Each structure stands twice: as C-alpha cells, then as structure tokens.
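See structure below.
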Amino acid sequence: MLTHCSNSRLSDQIQACIACLSLIGLLFLHGVATAHEHDWPQHLGPDRNGISAERGLLDKWPAGAPKEVWRIKGGVGMSGLAISGGRLFTMVQREGRQFVVALNAATGASIWQTPVASAYENAMGDGPRGTPTVAKGSVFVFTGQGILVALSAEDGRILWSHDSVAELRAETADYGMACSPLVVDGRVIVTVGAPNATVVAYDASSGELAWATGNETTGYSSPALLDVGGREQVVVHSGSAVLGLEPKSGVILWRYPYVTDFSCNIATPIEIDGKVFVSSGENHGCVLLALERDGEKFSVREVWSSQGPRSVLRNEWQTSILLDGYLYGMDNVGGAGPITHLTCIDASTGERMWQETRFGKGNLIAADGKLFMSSLKGELIIARISPRGYDEIGRSIVIDSTRQAPALANGLLYLRDNNNIACFDVRK
C-alpha cells in the first residue's frame, strides 16, 4: 500500500514536471516567434514596399541620437540589409572577393561569412549592389557581375550557383547588376537583360532554370509581386519597359515602354489601388498605370503621367513609400544632379501636396506613422508622416556616406556604409 502510494505520488510529480516543461517550451517558442515577429527578410522589407507594421517607435528625438546598440567593420558595397530569425545578412567586398555575411542581429557578432564571387569594380562604386533575400532557410544573393547564389541561412554553405550573365549571354549592366532576388512560389526571380531572357526564374531548391522571358535591357530595378489588374503578377521595371509576368510561367501579360537615359530605371514598382506606379530619375518622371483585361492578357492605360524636368516625382535610386493614398519620395532634379527634394503627392492624381526643397539625396522606409530616412551625408532622420506638411522629429550623423535605405526589425534600425554596419534602438 505504501509502495503504491509512493509510486502514485511519483507518477503525479513526473506528469506535473512534464506539463511544466511543455509550458516552458511553448512560452519559449512564443517568445522566439514574438521576438522575430517584425523581420525585414528582403529588399524593402516584408512586403517589398518599404513599410513595416511595427509600433511603439520613437516619437521624440533622444539626446544626441538614437542609442547605438552595436557597430562592426563591414566592407565595400551597396548591398542592403536583410534581417530574419535573429540574423542579419548582407554582402560586402573585401580582400578581393564578394562575401555574404551573417551576423547576430542583436549583438553584431559574426556567425558565418562565405565568399561567392571575385571582387566587382565599377567607376560608380565597387562591390555588390543587390540585397539578400531570405526564404525557407536559404539566402539568395546576386553579385555585382551577375552571379546568382543560394546559400544555407544556417551555416553559409553554397547550395547552388549560376553565373546568369555569362550562361545566358547577357552583358553586365554599365553600373553593375543591382537586382535583389525575388522569391515566389519556390522560384527565385532576377532581371538579367539577356536575349529572350530579360527576366529569369530558377527553382529555389535545385537551381534549375524554370523560365526565361523578354527582350529588354536589364536596368537596375528589382521585381515585385503585386496584385494588380485583379491578378497577382511579377512586375519588372527593366531598362526599357515595365513588364507584367505570370509568376509560374514567365508569360508576359503586358508591356509598357519606359526608356530613360542609360537605362537608369532603379526604383521598384508599387501597387496603388490595383494599379502600377513607376518612377525614374535622370529628369524622367513617373506614371500610374491601369491594367484592363484583354483576353488572357492586359491592355495598359495611363491614369496620370508626369514626365520631364517639371515632373512631380523623379525617383533616382529610391523607391517611394505609399501610405493612406499618398506617396512620399525623393524627387531628384536633373540628370542625376545634386539637388533632391523630399516630396509628398496624391497617389491617385499626381497632385503635389508639399515639398521639402533641397532635402538632399537619401533613402527612406516607413513604420509607426513615421519616415525613417538615411542621407548621403550619413544622417539618420525621422519625420512624422502627414500629407499636410513636413514634420521632422530629429536628425543626426550616425554613419559615413550611404545610399542604402535603413532596415528595421523588432525595434532595431540597421544602417551600413562602405566601412561599417551599425544598429540603433529606435523604440520609445
């Protein structure tokens, strides 16, 4: 009887311990999920539009500048920053090679670094241009000379690699290959600009070529998956036209000619109320396109267009931010000239709402009702978002000259230049 009672109590205790450990495990997993709830896994963030759903961010400028969490030596290049699962991924050039690096996003500690190509040199700036894309345990990168590489996010092992420019008989773009890979339904999509292969897709797992399409010059923009014309499409701003593609097959659904000097189409296309917005610098302009069904394909109609030296918005290398029906963006004056205005326009009409003249060249993202901007001077600038006027919270030089937009993940803002990668706490 005593033995039975002891065994019973022991069994109850064991069951209680198992239940407790299970609860702790669930809480731990919930904590991990919560900690990584607002990742920034690709070019322009989770939805490739420069917008984060984060809340509780700075609404007044701290003494001096936002708190610096960490800063490390990085390397040369214009590659942006991707944050996923507690890790930061980017590309840097040093020691004669282009590397993909993985860092602890909270501390900056190195996790791994993998060389993926020889150094890329260009009169407009050396090193890689594209931002890594993280999807389902893999990291996809596109080097300055156009080599597409898939790596394990865990340990940096190269899973597969394609010298897309050489294999498809393309030519490296004048200022380097700048496309940030887009992952859609198990395919990795990049703009190459080869004959019959303006845009190509590879199987994300095997690296096998899935499809190739188009006969346009390459440009420097990155493709986006947009719900436009009542259908999900991959929209590509190539060097000579805007294309709408069927994601699984690459079939061209529509084409809109858009030629700029030096094929300098760089900004990523944006969806506005089921329509497509594109903008370019080099004194070009912007246009909003409506798509109308024409059998299995689409015809294209200009809703409004603003082109030339008097255009309301000429994005040079920056993608504008769409919020509550208004576009906030950098308007560059002249052919890649030194003057840039920060501008707000009504997205439905193209009417200019306000303009902060001679704001300076920079880049921008948005979260929590604010614009988080980096400048060519190395400034971090925060301003409240409003179509009524510019309302700056504060600014401070925090890094050397940079063209990259900030990356924002879980209350931390990341910036890089040709020397350093830095992390700042932008929570209240």
note = Conditions (1) touching a Phe, Trp or Tyr at 6+ places or on another chain (Cβ under 8 Å); (2) at pLDDT 95 or above; (3) not β-branched (V, I, T) -> G86 fails only (1)
inquiry  = Please return the ranges of strands (runs of 3 or more DSSP E) entirely within region 125-190 where 3 or more residues are free of Cβ contacts under 8 Å to residues at least 40 places away in the same chain and in contact with a Ser or Thr (Cβ under 9 Å, 6 or more places away or on another chain).
reply    = none
ask   = Does S299 qualify as being part of a loop (DSSP other than H, G, I, E, B) and at pLDDT 95 or above?
value = no
query = Which residue, of A53, A63, is surrounded by fewer than 21 Cβ atoms within 10 Å (Cβ to Cβ), modelled with pLDDT under 95, more than 22 Å from I158 (Cα to Cα) and not hydroxyl-bearing (S, T, Y)?
reply = A63
task = Find the strands (runs of 3 or more DSSP E) located wholly in region 302-350 whose residues include 2 or more that are in contact (Cβ under 8 Å) with a residue 12 or more places away in the chain and surrounded by fewer than 24 Cβ atoms within 10 Å (Cβ to Cβ), and list them.
result = 321-323, 340-346
ask   = Out of (1) surrounded by fewer than 23 Cβ atoms within 10 Å (Cβ to Cβ); (2) outside any strand (DSSP E or B), the odd one out for A267 is which?
value = (1)
query = Mind checking which residues of region 177-196 are crowded, with 24+ Cβ neighbours inside 10 Å, more than 11 Å from L148 (Cβ to Cβ) and more than 17 Å from the chain's Cα centre (by Cα)?
reply = G193
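Condition check ((1) assigned to a strand (DSSP E or B); (2) aliphatic (A, V, I, L, M); (3) at pLDDT below 95) across all residues:
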{"position": "L23", "(1), (2), (3)": "no, yes, yes"}
{"position": "E37", "(1), (2), (3)": "no, no, yes"}
{"position": "Q42", "(1), (2), (3)": "no, no, no"}
{"position": "G45", "(1), (2), (3)": "no, no, no"}
{"position": "E68", "(1), (2), (3)": "yes, no, no"}
inquiry  = Of everything in region 396-425, what is part of a loop (DSSP other than H, G, I, E, B) and within 11 Å of E68 (Cβ to Cβ)? Give them in sequence order.
reply    = V398, I399
request  = Could you tell me which numbered condition G207 fails, if it satisfies all but one of (1) within 21 Å of T143 (Cα to Cα); (2) at pLDDT below 95; (3) not aromatic (F, W, Y)?
outcome  = (2)
key: Residue within region 362-376 that is modelled with pLDDT of 95 or more and surrounded by fewer than 17 Cβ atoms within 10 Å (Cβ to Cβ) present   = yes
task = Report the residue count in region 229-262 for those that are in a loop (DSSP other than H, G, I, E, B) and over 15 Å from D294 (Cα atoms).
result = 10
request  = Evaluate region 142-158: report whether one residue or more is closer than 20 Å to K248 by Cα, charged (D, E, K, R), at pLDDT 95 or above and out of contact with any Phe, Trp or Tyr (no Cβ under 7 Å at 6 or more places or on another chain).
outcome  = no
inquiry  = Which residue is surrounded by the most Cβ atoms within 10 Å (Cβ to Cβ), if the candidates are limited to region 396-428 and must be of a type in the set (D, E, K, R) and over 19 Å from H38 (Cβ atoms)?
reply    = R416
query = Can you tell me which residues in region 281-296 are crowded, with 18+ Cβ neighbours inside 10 Å, modelled with pLDDT under 95 and on the phi < 0 side of the Ramachandran plot?
reply = G281, H284
Matching entry among G86, G96, G156, G146 (being small (G, A, S) and under 27 Å from D261 (Cβ atoms)) = G146
task = Mind telling me which of the residues I382, I393 ends up being more than 27 Å from D273 (Cβ to Cβ), in contact (Cβ under 8 Å) with a residue 24 or more places away in the chain, surrounded by fewer than 17 Cβ atoms within 10 Å (Cβ to Cβ) and of a type in the set (A, V, I, L, M, F, W, C)?
result = I393
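The values are calculated or read from the model by the stated rules, or taken from the named source; none is laboratory data. Computed from a predicted structure; not experimentally measured. Note that each Cβ is placed from the backbone with ideal geometry, even for glycine, and that neighbours are counted across all protein chains shown.
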